[in-house]
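Just below is one structure, and these are the notes that go with it.
The values are calculated or read from the model by the stated rules, or taken from the named source; none is laboratory data. The structure displayed is predicted, hence computed values, not measured ones. Because the Cβ atoms are built from the backbone with ideal geometry, glycine has one as well, and the counts that use them run over all protein chains shown. The protein model used for the area step is the full one, side chains on, heavy atoms only, and it has no ligands, DNA or RNA in it. Shrake-Rupley method; radii C 1.70, N 1.55, O 1.52, S 1.80 Å.
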Amino acid sequence: MPLALLFPGQGSQFVGMGKDLCEAFPEAKAVFDEADAALGFRISTICFEGPEEELKRTANTQPAILTHSIAALRVLEARRPERLAGAAAAAGHSLGEYSAGVAAGAFSFADAVRTVHDRGKFMQESVPEGVGAMAAILGLAADAVASACDDAAVETGKIVAPANYNSPEQTVIAGHAEAVARASELCRERGAKKAVPLPVSAPFHCALMQPAAERLLPVLRGLAIADPRLPVVTNVDAREATNSEEVRAALARQVASPVRWVESVERLGAMGVTEALEIGPGAVLAGLVRRIRKDIPVTPVGKADQIPA
């Protein structure tokens, strides 16, 4: 059956992540060791022991999740290669697109982990703490959320826009804090079940991230990228990147553009995908895919006891 490899993004991290994998499988430990060497500091210790505040720093969170995801992938490749044999595509949510690129052979893990460390730092430094915000809007159609953002932006003279189209019932918005607050009010007035402020350190995937995108551009230009072995369904276009320049261009645009996860999952379905593995910490994507395409079951693979026997 055609299989998709899915990789989670920021928000799936937890203290202790990857520790059981490393204790059970030398392939996983080798990945964490490689990450420590590539970064020049022990991201493994931050993953395994925290403290949580250190793990939640965006410059640490992004390489931590990437490392956990690739550690689980390498265990699967070594122990259950037949489970991956039917892979037809890869996709990742935000940061997870870098994990997808590694899985597809577009770039090396060491290069990716250094790049996402820079990406996280640039994103964190783009907007001073407290200036930006994000909120999850639940139970309101995406076009209605976008309209509320447009109206709030006009009223406040500030930036707010959809940042993550996560499921038909959940759209995350991002921008200046006051504009996000006003858009949240308008969404509630227009029928949203909830508008939940998110505990994030910066307003990701909106125009306020443009300075980060510009700082990341020369890093991406210097990244050695090959044509992927698997098509990577990108966040920005929800279509397949099949050569190196498409991969590079999508990653460059991604930082300041919304994550089109609903369309990405629909695209995987149109490609004939009938099942998926969520490779990395947590099971956030399994829940989102269930709300988008019930006919694509997702199996989380991120802990030692989730590696198929």
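Quick look at the values:
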quantity: Carbon plus sulfur fraction of accessible area for the chain, probe 1.4 Å, in percent; calculated: 52 percent
quantity: Other-chain or far-sequence residues with amide H under 5 Å of Gly9's (modelled H); calculated: His93, Gly96
quantity: Lysines with Cα under 27 Å of Lys29, excluding same-chain neighbours fewer than 8 positions away; calculated: Lys19, Lys56, Lys121, Lys303
quantity: Three principal axis lengths of the stretch 1-114 [C-alpha, angstrom, descending]; calculated: 41, 28, 22
quantity: Distance-filtered residues of the stretch 182-216 - backbone nitrogen under 15 Å, label point 7 angstrom along Asp151 Cα→Cβ; calculated: 182-193
quantity: Dipole magnitude of the chain about its Cα centre (Cβ charges: Lys, Arg +1; Asp, Glu -1), debye to nearest 20; calculated: 260 debye
quantity: Label zone at Arg79, where the point sits 7 Å out along the Cα-to-Cβ direction: the stretch 8-29 residues whose backbone N lies under 12 Å; calculated: 20-29
quantity: Solvent-accessible area per residue for the stretch 149-240 (1.4 angstrom probe, square angstrom); calculated: 45 Å²
quantity: Cα-derived Rg to Rh of the chain, Kirkwood definition; calculated: 0.96
quantity: Euclidean distance between Cα centres, the stretch 120-177 to the stretch 10-67, Å; calculated: 29 Å
quantity: Estimated vicinal HN-Hα couplings, Hz - the stretch 94-107 in sequence order (Karplus 6.51, -1.76, 1.60; Gly, Pro = x); calculated: 6, 3, x, 5, 5, 4, 4, x, 5, 4, 8, x, 6, 8
quantity: √(5λ) per eigenvalue of the Cα gyration tensor, the stretch 50-180, largest first, Å; calculated: 33, 20, 12
quantity: Segments 152-163, 89-100 sorted - mean Cβ within 10 Å per residue, highest first; calculated: 89-100, 152-163
quantity: Gyration tensor over alpha-carbon atoms, the stretch 54-125, equivalent ellipsoid semi-axes in Å; calculated: 24, 12, 10
quantity: Radius of gyration and maximum dimension Dmax of the stretch 158-256, Cα, Å; calculated: 16.2, 49
quantity: Net dipole in debye of the stretch 180-220 [+1 Lys, Arg Cβ; -1 Asp, Glu Cβ; about Cα centre; nearest 20]; calculated: 220 debye
quantity: Distant-in-sequence amide H partners of Gly280 (H built 1.01 Å from N, under 5 Å); calculated: Val301, Gly302
quantity: Nearest-20 debye value, the stretch 163-309 charge dipole, Cβ charges on Lys, Arg, Asp, Glu; calculated: 280 debye
quantity: Phi-based couplings in Hz for the stretch 174-185 (Karplus 6.51, -1.76, 1.60; Gly and Pro marked x); calculated: 8, x, 4, 4, 5, 6, 5, 4, 5, 4, 5, 4
quantity: Helical contribution to [θ] at 222 nm, DSSP H n ≥ 4, -39,500 (n - 2.57), averaged over the chain, rounded to 500; calculated: -15000 deg cm²/dmol
